[in-house]
Amino acid sequence: MTDFIKTGVIGHPIAHSKSPLIHNYWINKYRLNGTYKAIDIHPDNLQNGVGALINEGYSGFNVTIPHKIAIMALCDEIDDLAREIGAVNTVTIKNGKLYGTNTDAYGFVQNIKANATDFDFTGQNALVLGAGGAANAVVYALLQEGAAQIIITNRTKEKAQKLAQLNPDKIKIIDWDLRNNVLDDVGIIINTTSLGMTKNPPLNIDISKTQNALVTDIVYAPLYTDLLKVARNNGIKTVTGIGMLLHQARPGFKLWNGVVPSVTKELEDLVLS
Ligand code: NAP
């Protein structure tokens with residue numbers, strides 16, 4: 001009998017997290033001996049909460065809001081990827097030590113590659129709407145994949161300026177009010193704001209003005225945001241955000257369980273149900 005592998009996701013609140021559904025689906029599918037739990041840790045108790053996971057023999061855990069930055073101070077090692085993105089979402093525990101990485105950039109890229117098979121990031125100009133936590137990983141991914149120029153626009157311009165420090169030569173900032181003016185200059189448009197999410201206002205953008213760009217939204221609730229609906233109705237190629245969530249879970253699962261899990265339609269339907 002192999003060891004029982006304990007894993008989970010820490011956050012606060014955590015009840016909404018889809019990660020237990022994804023990981024336990026894979027644990028069952030690959031007939032592994034383990035479990036993945038949602039673990040609520042209050043920000044005031046992060047160090048003790050993580051210490052308890054080490055003592056309980058956890059192999060690792062995912063990290064979600066609001067701990068993605070705070071966990072970095074508790075990690076014994078952080079890889080270059082997470083350091084550049086400025087956040088850790090995946091931690092492996094070995095001999096009581098914490099090793100942090102970030103899989104959001106991987107999730108973003110794999111989702112596009114899986115669902116827009118003829119799209120090539122190399123040499124593309126990109127428009128990134130938003131400069132919050134998720135935008136960091138998206139911009140990092142675009143740079144890694146060889147995008148030519150990245151235009152970032154965000155309601156709070158200072159946050160976009162901070163993000164541009166990743167590569168000032170390739171990243172240009174424009175005012176939020178000017179977002180409709182650059183749609184013809186880019187090959188991919190990515191919404192990383194929370195606009196369009198259930199209970200939030202829609203993203204106000206005249207997407208029908210773009211002719212040749214791939215349009216993707218990292219919001220996945222609803223699966224088809226107004227942005228994606230309008231794009232589809234205008235014959236524009238789209239990719240939804242659910243695949244980013246599913247693909248970002250794969251590297252952590254591999255690190256802890258030694259199996260590279262697949263993203264399937266069955267899993268996507270389960271998570272969206
Ligand atoms: P965040 O750090 O809170 O950032 C929110 C972003 O939305 C900021 O750029 C913010 O602009 C912008 N925003 C919010 N309200 C706005 C408004 N009324 N007008 C203009 N801009 C507005 O959140 P996050 O962690 O980056 O997540 C953003 C979204 O991505 C969420 O819906 C989340 O569920 C989704 N997400 C999906 C995945 C996935 O795997 N598919 C992964 C991560 C996140 P300001 O800077 O001006 O406030």
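What are the pairs, 6+ residues apart or on separate chains, where a residue within segment 107-128 that is farther than 13 Å from residue 263 by Cα has its Cβ under 9 Å from a residue that is buried (at least 16 other Cβ atoms within 10 Å of the Cβ) and of a type in the set (Lys, Arg)?
Taking only residues 6 or more apart or on different chains, the pairs are 116/237; 118/237; 119/113; 119/237; 121/113; 127/179.
So residue 29 passes all but one of these: (1) of a type in the set (D, E, K, R); (2) touching a residue at least 60 places away in the same chain (Cβ under 8 Å); (3) not assigned by TED's automatic domain parsing to the domain that holds residue 268. Which condition number does it fail?
Tallying (1) of a type in the set (D, E, K, R); (2) touching a residue at least 60 places away in the same chain (Cβ under 8 Å); (3) not assigned by TED's automatic domain parsing to the domain that holds residue 268, residue 29 fails exactly one: (3).
Residue 251 fails exactly one of the following numbered conditions: (1) within 25 Å of residue 103 (Cα to Cα); (2) exposed (fewer than 13 other Cβ atoms within 10 Å of the Cβ); (3) not hydroxyl-bearing (Ser, Thr, Tyr). What is the number of that condition?
Answer for residue 251: the failing condition is (2).
How many of the residues making up segment 221-257 are more than 13 Å from the ligand (Cβ to nearest atom) and part of a loop (DSSP other than H, G, I, E, B)?
5
For segment 51-86, what are the residues that are under 23 Å from residue 142 (Cβ atoms) and either touching a Leu at 6+ places or on another chain (Cβ under 6 Å) or open to solvent by 50 Å² or more (accessible area, probe 1.4 Å) (or both)?
Within segment 51-86, 65, 68, 69, 79, 80, 81, 83, 84 qualify.
For segment 141-163, give me each residue that is of a type outside the set (Lys, Arg), surrounded by 14 or more Cβ atoms within 10 Å (Cβ to Cβ) and more than 22 Å from residue 213 (Cα to Cα).
The answer is 161, 163.
With among the aliphatic types (A, V, I, L, M), more than 9 Å from the ligand (Cβ to nearest atom) and either open to solvent by less than 20 Å² (accessible area, probe 1.4 Å) or under 18 Å from the mean Cα position of the chain (by Cα) (or both) as the only criterion, which of 218, 171 stands out? If you could, list the steps in order and put the result at the bottom.
Details: 218 fails: more than 9 Å from the ligand (Cβ to nearest atom).
After applying the criteria, what remains is 171.
Does any residue in segment 201-230 that is among the acidic types (Asp, Glu) come within less than 8 Å, Cβ to Cβ, of a residue that is more than 9 Å from the ligand (Cβ to nearest atom) and in a loop (DSSP other than H, G, I, E, B) six or more places away or on a different chain, and which pairs are these?
Close Cβ pairs (under 8 Å, with a partner that is more than 9 Å from the ligand (Cβ to nearest atom) and in a loop (DSSP other than H, G, I, E, B)) amount to 217/225; 226/202.
Can you tell which of 155, 179 is within 11 Å of the ligand (Cβ to nearest atom), more than 22 Å from the chain's Cα centre (by Cα) and charged (D, E, K, R)? Give the steps one after another, and end with the answer.
On the way: 155 fails: more than 22 Å from the chain's Cα centre (by Cα).
Result: 179 is the single residue among 155, 179 that is within 11 Å of the ligand (Cβ to nearest atom), more than 22 Å from the chain's Cα centre (by Cα) and charged (D, E, K, R).
The values are calculated or read from the model by the stated rules, or taken from the named source; none is laboratory data. As the structure is a prediction and not an experimental result, all values here were calculated from the model. Neighbour counts are summed over all protein chains in view; Cβ atoms, including those assigned to glycine, are modelled from backbone coordinates with ideal geometry. What goes into the accessible areas is simple: the full protein's heavy atoms, side chains included, and nothing from ligands, DNA or RNA. Shrake-Rupley method; radii C 1.70, N 1.55, O 1.52, S 1.80 Å.
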